[in-house]
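Following: one structure in structure tokens, then a few remarks.
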Amino acid sequence: MSHVFARHSRTDLRQASIGKGAYLYDADGKEYFDGSGGAAVSCLGHGDPDVIAAVQAQVAQLAYAHTSFFTSQPAEELADRLVAAAPGDLDKVYFVSGGSEAVEAALKLARQYFVEVGQPERRHFIARRQSYHGNTLGALATGGNVWRKQAFAPIMVETSLISPCYAYRGQQNGESSFDYGQRVANELEAELQRLGPETVIAFVAEPVVGATLGAVPPVEGYFKRIREICDHYGILLILDEVMCGMGRTGTLFAHEQEGITADIVTIAKGLGAGYQPIGAMMCTGRVHQAIADGSGFFQHGHTYIGHPTACAAGNAVVKKLTGGLVERCAVMGDKLQAALEAEFGQHPHIGDIRGRGLFRGLEIVEDRTTKAPFDPAKGLNKLIKKTAMSNGLACYPMGGTVDGQHGDHVLLAPPFIMEDDQ
Ligand code: PLP
């Protein structure tokens, strides 16, 4: 009997033994196509010699140094790389070990920013019902995934949640997609007015929704309106690119495609590509300067922030992404969409095929015409996962509740190195 505390206590998981390119192999040698890169992590595939060499060299030279005493060359280099490639005024990078940590840091930085500039009355976050921002208590509170949250709701800070931008289910008959986007974006303004805009810190959103909806991009104009509302009421815009960032949608940052800038952006998953656990929070010079001019100290930190070996992996990964792999992701993503449409476009139980880059989702429905979902008691996601695994495909099926209505989807996020035949 295993002593590893697995998340699924009633499932016997196979041991992953070898990773090679776009494939994983279990201890019995069975091959799996890594169709979701874990959870949109393994963007380079497995066994990349350049990332491995970078990690090996760094761990031999300096594995770790605490950030209270030192910065490090790999952290400095990675911050420079990310700032150079980032849209807007993102100017400072705070390295952590994963996505939830990045989101916690973002929430705390946003709150501290307003304390530093003399607006301590700002205490509310507004986010969206169908979103996931991590499993630590602050990040979990900001997300809207009912299933992940419900047991912990009594011990979490209450967050205001507005509608997601989810055209497949939300756009009404006769409404243009632009008008739909404006309508749901305007929910932010209504919620600000309800709370009192002077009490709100920030709006938090994933540019392309990952785990809870399955690669749902916003409609044209939605985020422009969101940015306008944030600016009008002086609140910060925090974009969570933990899953959709680092090239996954065909541009290094997903929000580049919305023509907007953010005050704070979180990244993780693809940043380390699975070779090291690393995430980051990026913020504008203005936000950082408020701390520098005020207390001079960001009231937040973990032992492993700015980990040199993790940053060395990040440098090797970002070098590859910005060296042509993001463009490859965009091209392969279009091919994947076309292949999915050819295969499943008329399937009686596939209601929607969507996404950007190599970040694609299929929504599974009982009835294509009415969009009625399957009964959650069917446990469709478990069945799909089991069937896919037994057929040599690791993918990411999810069942979730959207505004009181159940929905099932499969998220695909294969490595950017995948080939046409794969
Ligand atoms: N934010 C988003 C958008 C995510 O998809 C996730 C994880 O799936 C997280 C945050 C949390 O990241 P992690 O699991 O690395 O803590």
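Taken together, the values in this text are just the output of simple stated rules run on the coordinates, not laboratory data. Here the structure is a predicted model, which is why all the values come from computation and not from measurement. We place every Cβ from the backbone using ideal geometry, glycine too, and count neighbours over all the protein chains shown.
Values for this structure:
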{"read-out": "ALA127 long-range amide H proximity, modeled H, under 5 Å", "value": "SER160, LEU161, ILE162, VAL204"}
{"read-out": "Cα-based equivalent ellipsoid of segment 339-422: semi-axis lengths in Å, sorted from largest, via gyration tensor", "value": "22, 15, 12"}
{"read-out": "Coordinate range along principal axes, alpha carbons of segment 138-234, Å, largest first", "value": "42, 33, 20"}
{"read-out": "Reach of LYS224 by Cα under 19 Å, taken over aspartates and glutamates that are not fewer than 8 positions away in the same chain", "value": "ASP89, GLU175, ASP179, GLU187, GLU189, GLU191, GLU206, ASP240, GLU241, GLU256, GLU258, ASP263"}
{"read-out": "For the chain, built as a Gaussian network whose Cα springs stay under 10 Å, the top-fluctuating residue of ARG169, ARG354, ARG111", "value": "ARG169"}
{"read-out": "Over the chain, relative contact order from alpha-carbon pairs under 8 Å, at least 6 apart, %", "value": "24"}
{"read-out": "HIS349-ILE18 FRET efficiency (beta carbon distance; Förster radius 45 Å; 0.05 resolution)", "value": "0.85"}
{"read-out": "Sparse-neighbourhood loop sites, chymotrypsin sites (Phe, Trp or Tyr not before Pro) in segment 292-335 - DSSP loop, at most 11 other Cβ within 10 angstrom", "value": "PHE297"}
{"read-out": "Cα shape, segment 12-169, gyration tensor, a/c 1.5 rule", "value": "oblate"}
{"read-out": "Calculated [θ] (222 nm, deg cm²/dmol) that DSSP helices of n ≥ 4 give over the chain, each run adding -39,500 (n - 2.57)", "value": "-10500 deg cm²/dmol"}
{"read-out": "Exceeding the 27 Å Cα-Cα cut-off - candidates LYS108/LYS385; LYS269/LYS385; LYS269/LYS382; LYS30/LYS149; LYS30/LYS382", "value": "LYS108/LYS385; LYS30/LYS149"}
{"read-out": "Cα-only radius of gyration and Dmax that characterise segment 7-92, units Å", "value": "17.9, 50"}
{"read-out": "Distant-in-sequence amide H partners of GLY351 (H built 1.01 Å from N, under 5 Å)", "value": "GLU363, ILE364, VAL365"}
{"read-out": "Proportion of all alpha-carbon pairs of the chain beyond 42 Å (%)", "value": "11"}
{"read-out": "Highest to lowest packing among 151-162, 15-26, 265-276, 329-340, scored as the average C-beta count within 10 Å", "value": "265-276, 329-340, 15-26, 151-162"}
{"read-out": "Furthest towards positive pole of dipole, TYR168, TYR180, GLN193, structure part segment 135-243, Cβ charges", "value": "TYR168"}
{"read-out": "For LEU412, residues with placed amide H under 5 Å, excluding near neighbours", "value": "ARG360, GLY361, LEU362"}
{"read-out": "Assigned charges on the beta-carbon of Lys, Arg, Asp, Glu; segment 142-290 dipole about Cα centre (debye)", "value": "400"}
{"read-out": "Hz values of 3J(HN,Hα) by residue in segment 120-135 - Karplus curve (6.51, -1.76, 1.60), Gly and Pro given as x", "value": "x, 6, 7, 9, 9, 10, 10, 9, 10, 4, 9, 7, 9, 10, x, 9"}
{"read-out": "Theoretical FRET efficiency, 1/(1+(r/R0)^6), r = Cβ-Cβ of MET389 and GLU76, R0 30 Å, to 0.05", "value": "0.10"}
{"read-out": "Over segment 169-223, relative contact order from alpha-carbon pairs under 8 Å, at least 6 apart, %", "value": "45"}
{"read-out": "For the chain, built as a Gaussian network whose Cα springs stay under 10 Å, the top-fluctuating residue of ALA312, ALA290, ALA110", "value": "ALA290"}
{"read-out": "Selected from ALA84, LEU237, MET281, residue furthest toward positive end of dipole (segment 51-320; charges at beta carbon)", "value": "MET281"}
